[in-house]
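Below: the structure, in structure tokens.
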Amino acid sequence: MPTELTEQQQTAVEIRDVSIALSAGAGCGKTHVLTERFLSHLDPENADAPQPTELHQLIAITFTDAAAREMRTRIREKCRERLQAAPAEHKHYWLTLLRAIEAARVSTIHAFCSSLLRDHAVAAKLDPLFGVLEQGAADVLLSETIDDVLREKLAAQDNDTLELASEYGLARVKNQIAELLPHRHEAAFHDWLSKTPDEAVTAWHACYDGEAFRSSLREIAAKAPIAEMLRLLHAITPKKDIFIVAKANLLDLLPRLVDGSITASQVGTIREQARVQGLCTAKDWPSVDAFEKYKNACKAVRDAIDRHALQPFDESIARETARLGLALLRLTNDVVQAYEARKAAEGKLDFNDLLANARRLLTDPTHAAIRQHLSSQLSLVLVDEFQDTNPLQVEVVNALSGGVQSDRLFLVGDIKQSIYRFNGARPEVFRKLRDEVTDRGRLPLTKNFRSQPAILNFVNALFVEAFGDEYEPLRPNRSQTTEQPAVEFLWAITPEKYGNHKGAVLEARREEARWIARRLRAIVDSDDERPIIDEATGQPRPAQLGDIAILLRALSDIQVYEEALRAYELDYYLVGGRAFYAQQEIFDVLNLLRAVASPADEISLAGALRSPFFALADETLFWLFKTAGGNLNAGLLANVLPAELSLEEGAKTAAAAETLRQLRGQKDHLAIAELLSEAIARTGYDATLLAEFLGERKLANLHKLL
């Protein structure tokens, strides 16, 4: 066993007779543990196994293809290390294993399900040559299908569609359908299709009185200072009869609120009697301080009840909501049927289809022989990032491994790092499964190798209250090398004149961005503020722009921060997600492609003509639009240009018109990348970008898009 494993890591690698649920904090070496656990089953020197596991008996499921590649690379590197260190009698074994690593079953769960279904295509009633729609292609096909179904329904004057469109608007209906579609493989989706509004209301009312009420009690108990109130009440002997009754009621009901054994009317009793007005004064308490504490605690209890207590269930409102909701479900099902037909015509499955078909193959009693065969060939299933799995993925994993009751499941997750709730991930599933694992298999991984102690102390202090007793503090593995404090709070004080309207919020955001840019400018201009420990020399040096990262919760207002950084001459680049597609140069290309594809898209044409592709002045666009009777495209392609244009603008306009004619003539014969290359060659757009601020980055984005 390698000596570089920590005690926690070694425990996770060595325990064999139970399933493992490893709660792995950020930067605590979970991939290292997964790699070592995987290889430990293959090690011929492992004293716990009479013989090593065969490679095909191990399955490692990662969340992304990149994570699968990283894990496979690490396994290969560690395998090579073992080959070099192995005694002579085992060198051939490790060499053979090293050559076979590419065949290791290390993949995303979708890739695993695809392979499983191809191996058992006949049983799964699938064409073994089925294609797989990548998520982007599936999203496009779904969006097109929703649009087509809505158009067909509206043309046919379908009552459900007309009523939903009238109530919510078509854009919102489309979004609601998109939110329901990921649940199409769940039994509840199909069960509710046959329900009536009255049946739905009955089920909702039962849920409202049951789980919803219990949930509201948990929220109140978590937010209200109940322990403080009880402590204060126990310490006083009331003299007034009304206060004596209130104390008795509160001492009885507050603990019952905490354990959930209370009715809605009793919550109202707490709300009524958790007060001082009319019940007591400062004279009734041992001190003014005790009275003030009790008064503040009462107010906090009332506020928690007001915020989280349920209002009475309104059946009339619920029935109308149920009627519209079931109409939406029926419409969504029509979209599902059309989507399934389109995929079938193309011989394709999407990612959810892979999961649903794999689950059916693994759970259907008619395929028991297949499941038993797979089970006999399986030694261990390792699953990374389990906090981001959705219920369908969990069912597949459990069916494959036998669940946490077996000794063949190794789960790694951290509910604090869940980021895919929008995609159906339910981090509470990891918490639930971890609770079902035996004590020996419920393991932590808390020694952090990434951050300095001061940062971890801050993180622990910030999150311990939010997560309560289940929070596992991160412990530093490295010493503090930079100066403290390691955390600064930068409060951007926004004037009250901004108010709360949308424009005011944006202005406040600009103020915050300016503060950040100003602070960063001060740091990089200073020789001794916030020094960085150079990795090469181990010595402190001034901070540089490359040492700084700005993390944003969302990129919807990214242009505000870009403007501030440019204003303070701070060079930067954007990384990740949709940020690439939010860049102006990408919008320029999109506008050009839209204008080429559709002469009727006047907005995109205006954007393309104003962009560095053609650089026409706004006044030029005005005259083209005006002289053609309100049609920009017609004005641009007219035989005679407006007399109001200067010679320079006239020449640019003529060149733009000729370029668009050429591109429209070629659009059905060239690939998009070739069409864009032609546009760039004709306009010199790439050279123009280089002359702009951050020109090299913009040009790199253009090349990336191509």
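The values are calculated or read from the model by the stated rules, or taken from the named source; none is laboratory data. It should be emphasised that the depicted structure is a prediction, and the values quoted were computed from it without experimental measurement. As a convention, Cβ positions derive from the backbone with ideal geometry for all residues, glycine included, and neighbour counts pool all protein chains shown. Surface areas here come from the heavy atoms of the whole protein model, side chains and all, with no ligands, DNA or RNA. Shrake-Rupley method; radii C 1.70, N 1.55, O 1.52, S 1.80 Å.
One table, with the values for the structure above:
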item	result
Under 19 Å from the Cα of residue 704 - aspartates and glutamates, other chains or at least 8 residues apart	585, 588, 674, 678, 686, 692, 696
Cα-based shape type of the stretch 349-447, given that a ≥ b ≥ c are square roots of the gyration tensor eigenvalues and the cut on a/c is 1.5	oblate
Accessible area of the stretch 1-138 belonging to carbon and sulfur atoms, whole % at 1.4 Å probe	52 percent
Cβ-based charge dipole, the stretch 117-210, positive-most Cα from 189, 122, 205	122
Rounded to whole Å, sorted largest first: equivalent-ellipsoid semi-axes of the stretch 252-295, Cα gyration tensor	26, 12, 6
Accessible area in square angstrom per residue, the stretch 272-374, 1.4 angstrom probe	52 Å²
The stretch 187-315: C-alpha pair distances exceeding 25 Å, %	36 percent
Trypsin sites (Lys or Arg not before Pro) within the stretch 627-689: DSSP coil, no more than 16 neighbouring Cβ in 10 Å	667
Å² per residue, accessible surface of the stretch 1-84 at 1.4 Å	43 Å²
Neighbour cut-off at most 16 other Cβ (10 Å), DSSP loop, trypsin sites (Lys or Arg not before Pro), the stretch 249-292	275
Relative contact order computed over the stretch 246-376 (Cα-Cα under 8 Å; 6+ residues apart), in percent	14 percent
Size of electric dipole in the stretch 548-699: Cβ of Lys, Arg +1 and of Asp, Glu -1, about Cα centre, debye, nearest 20	400 debye
Reciprocal of mean inverse Cα separation for the stretch 252-379 (Kirkwood radius, Å)	21.6 Å
Over 20 Å (Cα to Cα) - which of 125/348; 667/698; 247/293; 240/295 fall in this group	667/698
Cα-based shape type of the stretch 1-143, given that a ≥ b ≥ c are square roots of the gyration tensor eigenvalues and the cut on a/c is 1.5	prolate
Cα centroid separation, the stretch 507-533 to the stretch 433-459 (Å)	33 Å
Nearby lysines by direct alpha-carbon distance to residue 416 (threshold 18 angstrom, same-chain neighbours under 8 apart not counted)	30, 432, 447
Neighbour cut-off at most 15 other Cβ (10 Å), DSSP loop, GluC sites (Glu not before Pro), the stretch 578-679	644
Kirkwood-based Rg to Rh ratio, the chain, C-alpha trace	1.01
Size of electric dipole in the stretch 52-114: Cβ of Lys, Arg +1 and of Asp, Glu -1, about Cα centre, debye, nearest 20	120 debye
Normalised contact order of the stretch 617-706, rounded percent, pairs of Cα under 8 Å and 6 or more residues apart	16 percent
nm² value of the averaged projected area, convex hull over the Cα atoms of the stretch 580-706	7.5 nm²
Residue among 694, 23, 236 farthest towards the positive dipole end of the chain, charges placed on Cβ	236
Given charges at beta-carbon only (K, R positive; D, E negative), |dipole| of the stretch 350-480 in Debye	320 debye
16 Å tail of the calculated P(r), the stretch 179-237, as % of Cα pairs	68 percent
Long-range amide H partners of residue 349 with built H, under 5 Å	131, 132, 133
Unit charges at the beta carbon, dipole of the chain: most positive-side option, 349, 606, 257	257
